[in-house]
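The structure appears below as structure tokens.
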Amino acid sequence: MAEHAEHVEHPAYPVGLRLSGRRVVVFGGGQVAQRRLPTLIASGADITLVSPSATPSVEAMAEAGEITWVRRRYQDGDIADAWYALVATSDPVANAAASAEAERTKTWCVRSDDAEAATAWTPATGRSEGVTVAVLTGHDPRRSAAVRDAIVEGLRDGSIAAPQHRSRAPFVALVGGGPGDPDLITVRGRRLLAEADVVIADRLGPRDLLDELPPHVEVIDAAKIPYGRFMAQEAINNALVEHAKAGRSVVRLKGGDPYVFGRGMEEAQALAAEGIACTVVPGISSSISVPGAAGIPVTHRGVAHEFTVVSGHVAPDDPRSLVDWAAMAKLTGTLVVLMGVDKIGKIAEALVAHGKDPGTPLALIQEGTTAAQRRVDATLATVAETVVAQDVRPPAVIVIGDVVGEGPGKLAPGASGSNQG
């Protein structure tokens with residue numbers, strides 16, 4: 001029985017170390033230290049790095065005062081008074097000596113070169129809104145990472161049900177959903193969606209995410225809110241206030257970014273007027289993401305040193321227009337027009353009238369980042385007839401400038417872009 005017991009592999013005992021203000025020693029300033037140090041810094045540990053050299057990223061941590069860097073090799077006594085040690089040098093002799101000192105001083109020690117000689121292992125770790133997930137699978141770190149990723153993603157998107165048993169204060173969040181592809185919403189935005197009681201969604205938001213919401217969540221189509229004596233935006237503002245005052249957790253899901261032609265500030269102001277705080281979650285703006293998905297860089301070295309984003313929802317000759325089209329025509333960089341499909345003919349005329357070359361290349365990207373993405377190319381001189389001939393419809397992002405011809409060519413949707421039409 002004794003002989004059999006010697007071959008029994010006992011599992012590691014999981015524990016969370018509270019290292020805030022406690023001494024931690026890291027040996028080696030290479031890639032292992034570069035990966036592990038940010039988490040140790042976030043834990044609040046008092047970190048000493050012992051290494052004659054370091055990667056630029058690790059050196060930057062020392063210059064920022066996040067760690068103390070002792071520029072030499074390991075010496076006996078370096079682990080004195082440490083609570084935790086990470087041994088990750090390229091010298092196996094030094095690693096063994098540091099590990100032996102940690103054993104003598106009863107200091108938990110991780111070794112990057114020899115897990116069996118270590119007294120502690122580093123789990124694959126991930127975090128989601130106050131929850132730390134740590135996974136150990138013995139000698140299979142890739143599996144540990146895969147399990148970690150699956151759990152964290154499930155917590156973030158709500159597919160793993162983990163209700164909070166302590167009371168959670170209701171919230172209102174203005175969430176930018178990105179350009180349309182549901183994978184392009186931010187992690188925070190997706191998490192808040194999973195926690196919402198009510199979601200007021202725009203037509204241009206990532207609609208596929210709505211199908212993933214739990215059955216109890218009330219989904220309101222902002223386009224179908226009854227307006228009555230109110231204008232559309234006023235009705236949306238009132239709905240946000242009403243649900244917030246009822247103690248519900250509310251997400252206003254908007255396309256792109258809430259503050260890029262999204263009227264998010266109006267909604268934040270309406271909530272503030274009622275004494276209701278809200279969180280604004282930035283989103284990936286279609287002004288840069290959609291051109292990128294279609295293979296067009298809004299800036300490119302030697303081609304464009306600036307890009308300008310304008311709203312095209314009113315024509316240049318409309319007295320309500322706030323855009324200086326004469327100034328736009330003089331720019332040498334990239335012009336991105338949002339909400340301008342039905343006005344692009346007049347916009348092109350105005351730019352040419354103010355001196356822009358009629359041959360300036362132009363691209364219209366319809367339904368960008370979605371499976372229906374479509375790119376149509378033209379010039380300022382031909383765009384009016386091209387839009388009609390190709391039946392281009394909103395939503396579409398319009399890119400004007402020499403960068404239109406700088407993309408990598410025809411790419412499949414879901415890769416780096418699309419060049420169809």
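The values are calculated or read from the model by the stated rules, or taken from the named source; none is laboratory data. What you see is a predicted model, and the numbers here were worked out from it, not measured in a lab. Here the Cβ positions follow ideal geometry from the backbone for every residue, glycine too, while neighbour counts run over all protein chains shown. Calculation scope for accessible area: heavy atoms of the full protein, side chains included, ligands and nucleic acids excluded. Shrake-Rupley method; radii C 1.70, N 1.55, O 1.52, S 1.80 Å.
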Given (1) 2.21; (2) 1.29; (3) 1.08 as possible values of Cα Rg over 2.2 N^0.38 Å, the one from the coordinates is (2)
Using a 1.4 Å probe and ignoring any ligands, DNA or RNA, find the accessible area of TYR74 and quote it in Å² to the nearest 10. 40
If each part is reduced to its alpha-carbon centroid, segment 284-311 and segment 167-192 end up apart, in Å, by 24
Would you give the gap between the C-alpha center of segment 59-89 and the C-alpha center of segment 327-381, rounded to a whole Å? 56
Between ALA371 and ASP91, what is 0.36 nm times their sequence separation minus the Cα-Cα distance? Round to one decimal in nm. 95.6 nm
How high is the FRET efficiency from ARG127 to ALA277, r the C-beta distance, R0 25 Å, rounded to 0.05? 0.55
Could you check the spin-label model distance between LEU210 and ASP149? Points 7 Å from the Cα along Cα→Cβ, value in nm. 3.1
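Taking a ≥ b ≥ c as the square roots of the Cα gyration tensor eigenvalues, with a/c under 1.5 meaning rounded and otherwise prolate when a/b beats b/c, else oblate, which class fits segment 1-149?
Because a/c hits 1.5 or more and a/b fails to exceed b/c, segment 1-149 counts as oblate.
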At 0.36 nm per residue, minus the direct Cα-Cα distance, what do THR332 and THR186 gain on full extension? Give it in nm, one decimal, please. 49.3 nm
Going Cα to Cα from LYS224, which aspartates and glutamates come in below 20 Å? Please leave out same-chain ones fewer than 8 positions away. ASP197, ASP202, ASP208, ASP211, GLU234, GLU242, GLU266, GLU267
Beyond a 26 Å Cα-Cα separation, which of these cross-linked pairs lie in this structure: LYS254/LYS356; LYS254/LYS343; LYS254/LYS346? LYS254/LYS356; LYS254/LYS346
